[in-house]
Amino acid sequence: MIPVIAIDGPSASGKGTVAERVAQSLGFHFLDSGALYRLVALAAGRSGISMGDTTALEKLAANLDVRFYQGNIYLNNQLVTDDIRSEICSRHASLAAAIPGVRTALLTRQRAFREAPGLVADGRDMGSVVFPDAVLKVFLTADPKIRAHRRYNQLMNKGIPASMQSLLWDIEERDTRDESRTVAPLKRGNALLLDTTTLTIQQAVDQVLAWFAEAQPGLS
Ligand code: CDP
């Protein structure tokens, strides 16, 4: 059985960075499942599909022409790695993610990332829905103000303009939507809690690696 480490948690908690580094360190594949919802949002915007048009969004999700290659993401052969990180895409991704048909359409695509020697999967429902048999499930979180600050720095580094206050509102609004939706809501369940409010990225990575070593002795 190919081992999966599921890392779920709320927006801007740093799970993407932590998950990617854990994957690098173990030589595992990496799934950024949020990118798929962001791609649906971006593709919808580019095709003039409104976020209220459920049927069109489901169809779009089922037929997305996406390629993940060497750390970059391509939609219809166009580079969109940075485009999907805009705040409008974040908001629209969270709306698309609440549509059950969109989630179902993306399931097979996500499971296809499970390849030897292993996978680190980052998202909201990796441990609960997509990979319920994951050998390690982590719920990675941090205080909302710290998360807004981290997102602010991330956007500034990419030269994308942002305001701290609107980022904080946005994060809180998305948290509420992700936690209260009827399909695959964000919840900790039986995952191990990793609060990174006062941790560095490396400390968080080391903790996940230590848990994995306990869960799967011999593989780490
Ligand atoms: O970067 P951030 O943590 O803010 O978001 P993301 O992981 O890129 O995910 C964008 C949006 O997709 C989230 O707000 C969720 O609503 C949704 N999502 C989801 O529903 N399920 C997943 N497995 C991953 C993301």
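Here, each number is a calculation from the coordinates, and none is a lab measurement. Note that the structure is predicted; figures quoted are calculated from it, not measured. Note that we place each Cβ from the backbone using ideal geometry, even for glycine, and neighbour counts take in every protein chain shown.
Name all residues of region 132-146 having a backbone nitrogen under 14 Å from the label point set 7 Å from the Cα of residue 1 along its Cα→Cβ direction, giving them as ranges.
Answer for this model: 132-137.
How much length would be gained if the chain were fully extended between residue 157 and residue 82, taking 0.36 nm per residue of separation minus their Cα-Cα distance, in nm to one decimal?
25.9 nm
Calculate the all-directions average of the projected area of region 17-140's alpha-carbon convex hull, and give it in nm².
About 7.4 nm², averaged over all directions.
Kindly provide the Kirkwood hydrodynamic radius of region 1-71 in Å, to one decimal, from all pairs of distinct alpha carbon atoms.
14.2
Only four residue types carry charge here, +1 at the Cβ of Lys and Arg and -1 at the Cβ of Asp and Glu. Report the dipole size of region 135-220 about the Cα centre in Debye, rounded to the nearest 20.
So the magnitude is around 200 debye.
Could you calculate the contour length gain from residue 172 to residue 68, that is, 0.36 nm times the residue separation minus the distance between their Cα atoms, to one decimal place in nm?
34.5 nm is the gain from fully extending residue 172 to residue 68.
What are the equivalent ellipsoid semi-axes of region 4-213, built from the alpha-carbon gyration tensor (square roots of five times its eigenvalues), in whole angstrom, biggest first? Kindly include the intermediate steps, with their values, before the conclusion.
Numbers: eigenvalues 118, 83, 57 Å².
Here the semi-axes work out to 24, 20, 17 Å.
How much length, in nm to one decimal, is gained on full extension between residue 195 and residue 112, taken as 0.36 nm per residue of separation minus their Cα-Cα distance? Don't skip to the end; give the middle numbers.
Working: separation 83, 0.36 × 83 = 29.88 nm, distance 2.94 nm.
Stretched fully, the residue 195-residue 112 segment lengthens by 26.9 nm.
Count of lysine pairs in the chain with Cα atoms under 21 Å apart, counting only pairs 8 or more residues apart in sequence or on different chains?
The result is 7.
With a sphere of radius 11 Å drawn around the Cβ of residue 88, what net charge do the other residues whose Cβ falls strictly inside it have (Lys, Arg +1; Asp, Glu -1)?
0
Could you check what % of the DSSP bridge pairs in region 4-213 are antiparallel, to the nearest 5?
Antiparallel bridges make up about 25 percent of those DSSP assigns within region 4-213.
Compute the Rg/Rh shape ratio of region 119-198: radius of gyration over Kirkwood radius, all on alpha-carbon atoms.
1.01
Which peptide among 36-45, 71-80, 96-105, 169-178 comes first, and what is the full order, when sorted by highest mean count of other Cβ atoms within 10 Å? Write down the numbers at each step before the final one.
On the way: 36-45: 24.3, 71-80: 13.5, 96-105: 20.0, 169-178: 16.8.
With the highest mean Cβ count within 10 Å placed first, the list reads 36-45, 96-105, 169-178, 71-80.
Please compute the net charge surrounding residue 71, taking Lys and Arg as +1 and Asp and Glu as -1 over other residues with Cβ under 11 Å from its Cβ. Mind showing how you got there, number by number?
On the way: positive: none; negative: 20, 32.
Computed value for this residue: -2.
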